[in-house]
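Every number here is computed from the coordinates shown, using simple stated rules; none is lab data. Remember, it's a predicted structure, so these values are computed and weren't measured experimentally. Quick reminder, even Gly has a Cβ in these numbers, built from the backbone with ideal geometry, and neighbours come from all protein chains shown.
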Amino acid sequence: MDKHIKIIGKDILYTVLNSYSQIFFSTSKVLAMFLVFISFFDYGAGIGGLIAVAISNLLAHYLGYNTYYLKSGIYGFNSLLVGLGIGLAFQPSFELYALVAIASITCFFMTIVFQGVLGKYGLPFLSVPFLVTIWIIGLSGGQLTALNISERGIYTYNELFGLGGHKMVDLYNWLEAFVDSSFIRIYFYSLGAIFFQKGLLAGIIISLGLLIYSRITFMLSILGYSVSYLFYILVGIEFNSLSYTFIGFNYILTAVALGGYYLIPGRTSYAWIIILLPSVVLITISTQQLFALFRISPYSLPFNMVVLMFLYALKLREKRPGGLLETPVQLGNPEKNLYLQSGNLKRFPARFPVAASLPFFGEWEISQGHNGEHTHKGDWRHAWDFIVTDKKGKQFKGSGDYPEDYFCFGKVVTAPFDGTVMEVVNSIPDNIIGDVNTKNNWGNTVILEHSHNIYSKLSHLKYHSVEVKEGDRVKQGQLLGKCGNSGRSPYPHLHFQFQTTPYIGSPTLDYPLAHYLLKGDKYTFETFSVPQKGQVVANPVKNDMLAKVLHFIPGQQISGEILVESIKTGVQVQKSDFNWKVNTDVFNSTYLESEEDGSLAYLYNSGNLHYFTNFTGKKETPLYWFFLTLFKVPLGFLPNSKISDQVPVNMMFGGILKFLQDFIAPLFLFLKVDYTLEIKKAGDILSSGDVKMISAITKKIAGRETDKYDFNISIKENGVFEIEIRSNDLKIQMTCRNE
């Protein structure tokens, strides 16, 4: 019972704190404590905010709304702003807090409505519910005769003395004397205004809270403010007006939202902040003039307008440039979002909705790649021509005078991804060697629709070999036809391209292949890459046993033991058992949870590839080592094939180095963590058998190796993982069993 009460109390506390930190798109408890503290600089506002948060969250709980959103503070932060604003505007009284209660109820239902309406378009509701509610109160203000307008702020020294005596007054005077730059003063004023606070101290405390919570957020607050300041100067607007209108927070919030939360922080997102902030300034100036007619403030309207406008515009794109990406998995911290994404930009399926494979079996060579020397030019430059060659590099046997002499002629051509057959040509005769058919340029062809605006085209197929018809639904790997020599094809080969329209002759689309093996001294497993001319490529062959043991099912239990000893002395450092459970969260993301310490290892299985996406909790634990050991594993491979990736920086670095990296992470990473994995043995590759792998993680500072971890992995047919890890003087042995 006591434990249950503690859990409930913890949930309530976190719900309240997160309602404060959500104003900065965060769930940081440290930042929340800073914000709660400064909200009580004006006790009327502080009490009003706390009442509003309590009422909104109680309503959300009582009416049965989403528990995850409730605990995250999503349902409370708009009401908090309303409570702060009303609490600041009127003198404390029973009537005031009754009004706060009514306004918070109104704001809560506004939150639900706007969450539903804007959520249909994949957009956040931001502080729109607060705006509507506070405007309703503001327009009604003249009729609320039972309430007295607040006189706080008029006798500043008296109020400061009441808060902290002579020390608080002395601190106030020191700050006023020390911060004599109007540029810096207005920055702190603008930060404080987000919480309806006046004076330097509130802004300074908020800035410290931001610095502790996130260096990127802190830098974005300065960037947003500075760009706006420069635009004010450029067009001749009186900037000092911000010191008493307190509207400058719009610039800070816009920069934080777009530069570090809804978009992955980077050079491109920073550039767009610089481009968009002048629009925020103009909207701020114009709405101030308009709303002055009604004697109310636009508050955060400019911030809401520009952020929602830009995010909605991004959702209408047909192509998503790599430098301007919406956050695919929101971790509540810009650094974590960035480090997760920078590990490998190609790991997120959302960026590439079509995970296309090579359209054939076996090894094929690329005779002409993108920007080819013969036909792949201009609007048709993003295409491949594939042939089959022998060990000597020849593509035909004998004299090569007949199509049948060519190794690729008659080979099976398959669907690169699930889709619908849009067009079929099957009646063009194959050419004799050296001749071309320019009238029917593409020859026998199949066009498949895979998703909106993503089609594939396979051409020069063999006469009367196509096995599908228009309208058929096909699966990845399904037989389409056979490689031939029809159309503009002097010798047998397969032409393959992606395009945005379902027509023969459409311009090509620059789109990568999802997973393939690149032949070299060893097979390299490539992920969402574009193979080049002269390379020999093949589809990975899935190992059923590996696919089975790395398919973690919710509810599954994993147990094991770990032994840690010193390599030099042989002394045992640690020996313990562990238990993990497979779970899913509200976003249906799968994770392993340690029952001993509560750490979580998030993972994703595409059917072709297993990889861990994130780790939270205590490091140097069994689950942490398991996360690093099997960070990325292809489910299809050939013996001696190799794969590489990068582990997010925050998973391996901490302390002052990580702190310094955070400041410049969107522009440059001087910390890196390389990951490699090599398949050594896989029994019979077409059936079951033990799999032996070696993996390594290398930490680098400015390109120089500083530390290395070596892993030896053996996966048994019965699903038992045997792992040995060596790092510095430590040898770690782990055994994991599926139950």
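Annotations
- Potential lengthening between Gln557 and Ile664 on full extension [0.36 nm per residue; Cα-Cα distance subtracted]: 34.4 nm
- Cα shape, the range 101-146, gyration tensor, a/c 1.5 rule: prolate
- Values of log10 I(q)/I(0), in the order q = 0.15, 0.19, 0.20, 0.22 Å⁻¹, for the range 356-436 under a Debye, Cα-only, solvent-free model: -0.73, -1.17, -1.26, -1.38
- Value of Rg/Rh across the range 363-511 [Cα atoms, Kirkwood radius]: 0.95
- Prolate/oblate/rounded label for the range 544-738 (Cα gyration tensor, a/c 1.5): rounded
- Residue pairs, from the table Lys632/Lys692; Lys522/Lys542; Lys336/Lys680; Lys533/Lys680, whose Cα atoms sit over 25 Å apart: Lys336/Lys680; Lys533/Lys680
- Long-range amide H partners of Gly636 with built H, under 5 Å: Asn543
- Modelled spin-label separation between Ile275 and Phe94, with each label point placed 7 Å from Cα along the Cα-to-Cβ direction: 5.8 nm.
- Estimated purely from DSSP H runs of n ≥ 4, each contributing -39500 (n - 2.57), the mean residue ellipticity at 222 nm for the chain is -11500 deg cm²/dmol once divided by its residues.
- For the chain, with +1 on Lys and Arg beta carbons and -1 on Asp and Glu, the positive-most of Leu630, Phe40, Ala696 along the dipole: Ala696
- Note on Gln330 and Ala313: the extension gain reaches 4.1 nm, defined as 0.36 nm multiplied by sequence separation minus the Cα-Cα distance.
- Cross-link partners of Lys198 among lysines (Cα-Cα below 26 Å; sequence separation of 8 or more within a chain): Lys29, Lys167
- Based on C-alpha pairs under 8 angstrom that are at least 6 apart in sequence, the chain has a relative contact order of 8 percent.
- Cα-centred dipole magnitude for the chain, charges only on beta-carbon of K, R (+1) and D, E (-1), debye, nearest 20: 540
- Three-way shape label, the range 173-327, alpha-carbon gyration tensor, a/c 1.5: oblate
- Note on the range 452-497: Cα Rg divided by 2.2 N^0.38 Å, N the number of residues, gives 1.22.
- Using θ = phi - 60° in the Karplus curve 6.51 cos²θ - 1.76 cosθ + 1.60, the 3J(HN,Hα) couplings for the range 566-573 round to 7, 5, 6, 9, x, 6, 6, 9 Hz; x is entered for Gly and Pro.
- Helix 2-21 axis, angle to the chain major axis (alpha carbon atoms, nearest 10°): 80
- Over the range 1-152, the reciprocal of the mean inverse Cα-Cα separation, the Kirkwood hydrodynamic radius, stands at 15.6 Å.
- Of Phe721, Val582, Asn650, farthest towards positive along the dipole that unit charges on Lys, Arg, Asp, Glu beta carbons give the range 544-738: Asn650
- Rounded to the nearest 20 debye, the dipole size of the range 544-738 about its Cα centre is 480 debye, using +1 on the Cβ of Lys and Arg and -1 on the Cβ of Asp and Glu.
- The range 363-511, dipole about Cα centre (Lys/Arg Cβ +1, Asp/Glu Cβ -1), debye to the nearest 20: 100
- Residue order, fewest to most beta carbons within 10 Å, for Phe626, Phe188: Phe188, Phe626
- If R0 is 41 Å, the Cβ-Cβ spacing of Tyr62 and Glu705 corresponds to a FRET efficiency of close to 0.15.
- Listed candidates [x] 32.0; [y] 36.0; [z] 40.0 - label of the one calculated as mean projected area of the Cα convex hull in nm²: [z]
- For the pair Ala292 and Asn371, a Förster radius of 60 Å applied to the C-beta separation gives a FRET efficiency near 0.55, rounded to the nearest 0.05.
- For the cross-link pairs Lys315/Lys642; Lys642/Lys700; Lys411/Lys439; Lys394/Lys462; Lys475/Lys716; Lys392/Lys482, the ones whose C-alpha atoms lie over 27 Å apart are Lys315/Lys642; Lys475/Lys716.
- Those aspartates and glutamates that a straight Cα-Cα span of less than 12 Å connects to Lys391, excepting residues fewer than 8 apart in one chain: Glu363, Glu365
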